[in-house]
Every structure is written in C-alpha cells, then in structure tokens.
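Here's the structure, in structure tokens; my notes come after.
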Amino acid sequence: MADYLKNINLSESELEKYIIGTISPKETPLSPSMRANLANTMSQTGLTNELRSQEREEILDVTNEDLKKIGEVIENVLKDATICTIGSEPVIRKDQEKSHRFRKVRNIG
C-alpha cells in the first residue's frame, strides 16, 4: 500500500473517481434515526460540523502529491512496527508489560 501511494500518478479523471468514491458515502441523505446516531457520535467523540466540513474540503481538494505524502507516512509507521490498541485503560495497563510503551492519547469515554 505504501509503495502504491508513494508512486501514484493518477490522471485527473482517475483522481476524480477516487474522490467521488470517498465522498459519496458521506453525502447520502440521512434519515431521522441516522441523524440522531450521527449527533450522538459527534457528541461522544468531540466531532464538530466544522471538522466535518474541513474533512470534506480536504477530500475534494486531494492531489497526487497528497496521496504520495500519505504513502510516506504509512511506510514510516510500518517501519516502526507501530501498534495502536483501543480499549479500556485498566485492561490495557494490565497488559502493558507485553508492549514496549504505553501512551494515552485521548479519553473519549
């Protein structure tokens, strides 16, 4: 995946297809229950309409160079053999001796 992205060179129409495929699920009309679920998720995670708009703009403005940079990030993450664990802090701390280091990034609960 990293090599693919680092060497990507999509034509304008190919890139447009990727953008449409990425943005389409985010642009579907929401039923009342889907809106309630989204509002609940946003409340629990701190996601704001401004962040959603920013994400949308970043997707619409993506370039081949942006994708190449992501390829470099993925390559570096894989080089470092980074593992991310999401779960209950007491359980993670109990198993901490199995990992090299533990860092709490964000408490969402």
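Bear in mind these aren't lab numbers, they're just calculated from the coordinates by the rules spelled out. All values derive from a computational prediction rather than experimental measurement. Note that we place each Cβ from the backbone using ideal geometry, even for glycine, and neighbour counts take in every protein chain shown.
Just one of the listed residues (G46, G87) is over 16 Å from the mean Cα position of the chain (by Cα) and loosely packed, with under 10 Cβ neighbours inside 10 Å, and it is G87. When segment 11-68 is filtered for residues that are more than 20 Å from M1 (Cβ to Cβ), touching a residue at least 12 places away in the same chain (Cβ under 8 Å) and of a type in the set (A, V, I, L, M, F, W, C), the ones remaining, listed by number, are I23, L60. Counting only residues that are exposed (fewer than 11 other Cβ atoms within 10 Å of the Cβ) and assigned to a loop (DSSP other than H, G, I, E, B), segment 8-29 holds 4 of them.
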